[in-house]
Amino acid sequence: MIQSMTGFGKHVVQLPSKKITIEIKSLNSKNIDINARIPQAYRDKELELRKTISDALMRGKIDFTLTIDITGEETTTQINAGVVKKYMQQLKAIAPGDDVKLLEIALRMPDTLKTDTDDIDIEEFKSIKRALTEALAAINKFRTQEGKMLEEDFLNRSSALSNLLDQVEKMDENRLGTIRERLEKAVADLKVELDKNRFEQELIYYLEKYDITEEKVRLANHLDYFDKTLKSRDSNGKKLGFISQEIGREINTIGSKANYAPMQQLVVQMKDELEKIKEQMLNVL
């Protein structure tokens, strides 16, 4: 079953004094590309979190956001009282004024706030990892649902291509005969003497160049393989993309060999269906 690379997952964990929120968004990309936004205090755990995400999502442009909101009395930021007092003394020496006003100015100066950089609590990080696991489960569920819709669309378009190939098969029964009649008439209109045996040999050689039997067989096989790959257990957008390229190659060859306007019209319709498949294939994991 295929999966889309588009998805969204979110999970919130409430601790006694903190609320942990994890959000993950993904879009299509050839490889895994993770953009992480996490608080500075948790940066030393970034590589571990990135590995968990890449193992679960494999491909896609990923936006990962970890937000920590303090909901209790705990805080990691404190006023550096000694620095503030020193600033106030210097300000008074320059221009004596109201202490409250001086305090407001001093608090805007560098190094007046200090942040504790203690190691992350083990239990807290376990909560973060559990929240990440839940968010990844949510985004994979989203991707699977999107994948089901893509799969249905691909199967419909693959079926349309098979129907068009059936029409090509029926049309091909009389195509070479029509081309032969057209060539014989063109030669007859020249009103010149020809070696009939040599003309017949050249005609057969010419018609063989327009034979599309092999292309029809290969195209049918590619379409069958495409459907089987769609229904396989694993999502493999790259493999489906390669099969689509092979399908396109056979359609193009049929078009170049057709030399018959009604068949070329069918080829145009086939190309249109395949182009829609290729557009959507960019979003398959």
- [ ] Please specify each residue of region 1-12 satisfying the condition of being of a type in the set (Val, Ile, Thr) and surrounded by fewer than 16 Cβ atoms within 10 Å (Cβ to Cβ).
- [x] Val12
Open item on the list: Looking only at residues that are part of a helix (DSSP H, G or I) and surrounded by 19 or more Cβ atoms within 10 Å (Cβ to Cβ) in region 224-236, which one is modelled with the highest pLDDT?
Closed with: Phe226
Task: Of residues in region 233-250 being touching a residue at least 40 places away in the same chain (Cβ under 8 Å) and more than 16 Å from the chain's Cα centre (by Cα), the one nearest to Asp211 (Cα to Cα) - done: Ile247
- [ ] Examine region 67-86 for a residue that is surrounded by 15 or more Cβ atoms within 10 Å (Cβ to Cβ) and within 45 Å of the chain's Cα centre (by Cα), and state whether such a residue exists.
- [x] yes
- [ ] Go through region 13-59 and give me each residue that's under 20 Å from Thr144 (Cβ atoms), of a type in the set (Ser, Thr, Tyr) and surrounded by fewer than 16 Cβ atoms within 10 Å (Cβ to Cβ).
- [x] Ser29, Thr52
- [ ] Would you point out which residue out of Glu246, Glu275, Glu250, Glu208 is of a type in the set (Asp, Glu), more than 21 Å from Leu155 (Cα to Cα), in the same structural domain as Arg175 (by TED's automatic domain parsing) and assigned to a helix (DSSP H, G or I)?
- [x] Glu208
TODO: Check Gln90 against each of (1) of a type outside the set (D, E, K, R); (2) at pLDDT below 85; (3) farther than 23 Å from Lys19 by Cα and name the one condition it does not meet.
DONE: (2)
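The values are calculated or read from the model by the stated rules, or taken from the named source; none is laboratory data. What you see is a predicted model; the values in this text were computed from it and never measured. Heads up, the Cβs are rebuilt from the backbone with ideal geometry, glycines too, and the neighbour counts pull from every protein chain shown.
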